[in-house]
Amino acid sequence: MTDLKKRLEGLTPEKRALLIKKLAQKQAAEKIDIASDKITANPAQRYDPFPLTELQQAYWIGRSGAFEMGKVAGYAYHEIEDELDYARLNEAFCKLIVRHEMMRVVISRDGDQRILEETPDYKIDYVDLTQHDEGAREKKLAELRYNISHQVLPSDQWPLFTITAAQLRDGLLRLHIGFDALIVDGWSLTVIFTEWAQLYHRPDEPLPPLNLTFRDYVFAERALKKSSKFKADADYWKQRIDRMSAAPDLPLAKTPQEVDEGRFTRLGLKLGATSWNSIKQHCNQSGVTPIVVLLTAYAYVIAMWSQSRNFCLNIPQFNRFPLDPQVNNIVGEAASFSLLDIDIGDKAHFLDEAKVVQQQLWNDLDHNYFTGVDILRELSTQGKSGSESLKPVVFTGAPQAPDGTSAYTVNAARLIGNVTFAVNQTPQVWLDNHIYEYKGVLGVDWDYVSELFPDGLQEDMGHAYIQLLEWLAADQS
């Protein structure tokens, strides 16, 4: 009897189904259905223009103001405060710019991107606040946060990131860090913060050389559109599009067209380690993954405020196609998303609902060659536009890093110092629930466009989410 067979026979039916599903996904990832499953390197053309990925293109168009909730860049902002040496930080960051080509990218007005072979030495902006009294210092820090946290950087100018270091007292720095999502996804930021920390704290420990370029990855990914799997996935989604639900119908203070700035606010929440461990134990017993339980709980909370219990959620995907061993080591906007239909029905038990969500999610992710951008494009061809086609309510579950930890950018930023503030923003998104684990605690970062919703609504929803998770931790039904 093989080890796999012994393992299967020792599991409950639910766990057996879960293991078989994971094995099938792993096998699918290891066998890419294209003529060649390897990336073709073109070092001689590495500085030639190349096309945007679909999500880059969506961000590029979305920031233009051509659509409602536009004039907003996909943007990630972090503040890190610690006893840090400015000169060493700057030197380490400059090494990252040399190492990762997408940190030297510009995007032309025609919508092509190009890696700059050389860039000027980057200098982190420095602000000395050591002579300010507490009131003046806090005012200046608030100004820095306001100005940097929601920038729309010119995409045809380098750099598409910005860093300012505020000296609070001798040795104590607060870094204000903003990255445009045109050049990085969440996984890329994890790579950047992790390697920046290593170059700063352990400068004598060399990073492994990178042979893969993001440009080569983009062309290899585009080749997937010619595969039989892409055609099958396209057929799967096109058959479902006519039945696809609308976005959640949440209470709004104003219409999306009336929103001026679209600035995001973050509500930071946590679920204690004891409750989180209890939920994970329930999951082990039921055959439902923890991330699906968190997703289903989110859907329950959305349904409490939505006019309809049947709606569609936006589910980001951070998995990169396994076209090269270094695919997870490079920087670039390689993410995608899927759209998940939710119907919160009258099932007696929460876990029964979660199993339905899990099966639908698995089915959808099995057809991930046809991306969320493809789906939205198909919806627009059917005459649906604006709020009818946008799916602006998002659930973001942080992927796992190779060491099993939660590959969330805030976790990686903590390798440099204490993260005192962070917020993400995305064009055409209203609400994004970021889930991650840190030191056994479940973190919930609830990012929303404050101008769009009635005062207090998102605080009520976020706290209701934590209360529901607490209930699930105490009750398996």
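The values are calculated or read from the model by the stated rules, or taken from the named source; none is laboratory data. These figures come from a predicted structure and were not determined experimentally. Here Cβ is always computed from backbone atoms with ideal geometry, including for glycine, and neighbour counts include all displayed protein chains. For the accessible areas, the whole protein counts, side chains as well, though only heavy atoms, and no ligand, DNA or RNA atoms are used. Shrake-Rupley method; radii C 1.70, N 1.55, O 1.52, S 1.80 Å.
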Completion exercise
Those residues of the stretch 133-153 that are open to solvent by 70 Å² or more (accessible area, probe 1.4 Å) and polar (S, T, N, Q) come to a total of 1
Problem - the stretch 154-209 - residue that is out of contact with any helix residue (DSSP H, G or I) (no Cβ under 9 Å at 6 or more places or on another chain) and under 19 Å from Tyr122 (Cα atoms) and, of those, most open to solvent (accessible area, probe 1.4 Å) - result: Gln157
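Taking Asp341 as the residue in question, decide whether it is assigned to a loop (DSSP other than H, G, I, E, B) and under 22 Å from the mean Cα position of the chain (by Cα).
The answer is no for Asp341.
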Exercise for the section: Could you please let me know if Arg243 is open to solvent by 60 Å² or more (accessible area, probe 1.4 Å), closer than 23 Å to Phe337 by Cβ and at pLDDT below 95? Expected result: yes
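Quick check: anything in the stretch 193-202 touching a Lys or Arg at 6+ places or on another chain (Cβ under 8 Å), hydroxyl-bearing (Ser, Thr, Tyr) and touching a residue at least 60 places away in the same chain (Cβ under 8 Å)?
First, the residues of the stretch 193-202 that are touching a Lys or Arg at 6+ places or on another chain (Cβ under 8 Å): 195, 199-200.
Now drop any that are not hydroxyl-bearing (Ser, Thr, Tyr), which leaves 200.
Still in the list and also touching a residue at least 60 places away in the same chain (Cβ under 8 Å): 200.
Yes, the stretch 193-202 has at least one match.
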Practice task
Could you run through the stretch 248-262 and say how many residues are in a loop (DSSP other than H, G, I, E, B) and either at pLDDT 90 or above or surrounded by 12 or more Cβ atoms within 10 Å (Cβ to Cβ) (or both)?
Solution key: 10
Handout entry: Given (1) part of a helix (DSSP H, G or I); (2) of a type outside the set (Asp, Glu); (3) under 30 Å from Ser188 (Cα atoms), number of the condition Leu313 does not satisfy
Key = (1)
Exercise for the section: Would you tally the residues in the stretch 374-421 being within 30 Å of Gln257 (Cβ to Cβ), polar (S, T, N, Q), open to solvent by 20 Å² or more (accessible area, probe 1.4 Å) and modelled with pLDDT of 75 or more? Expected result: 2
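Restricting to the stretch 290-310, name every residue that is open to solvent by 20 Å² or more (accessible area, probe 1.4 Å) and either of a type in the set (D, E, K, R) or closer than 29 Å to Val184 by Cα (or both).
Within the stretch 290-310, Pro290, Ile291, Arg309 meet the criteria.
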Fill in the blank from the handout: Output for Cβ contacts, cut-off 7 Å, separation at least six or different chains, first residue in a helix (DSSP H, G or I) in the stretch 123-150, second of a type in the set (Gly, Ala, Ser) and surrounded by 14 or more Cβ atoms within 10 Å (Cβ to Cβ), reads Leu141/Ala166; Leu144/Ala166; Ile148/Gly178; Ser149/Gly178
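Of the residues Ala234, Ala273, only one is over 30 Å from Glu459 (Cβ atoms) and open to solvent by less than 60 Å² (accessible area, probe 1.4 Å); which? Can you show your working first?
Values: Ala273 fails: over 30 Å from Glu459 (Cβ atoms).
Going through Ala234, Ala273 in turn, just one is over 30 Å from Glu459 (Cβ atoms) and open to solvent by less than 60 Å² (accessible area, probe 1.4 Å): Ala234.
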Practice task
Go through the residues of the stretch 433-451 one by one and say whether even a single one is surrounded by 15 or more Cβ atoms within 10 Å (Cβ to Cβ) and part of a helix (DSSP H, G or I).
Solution key: yes
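Based on this model, can you work out whether Val98 counts as modelled with pLDDT under 95, open to solvent by 30 Å² or more (accessible area, probe 1.4 Å) and either over 26 Å from Glu261 (Cβ atoms) or within 23 Å of the chain's Cα centre (by Cα) (or both)?
When the stated conditions are applied, Val98 does not pass them.
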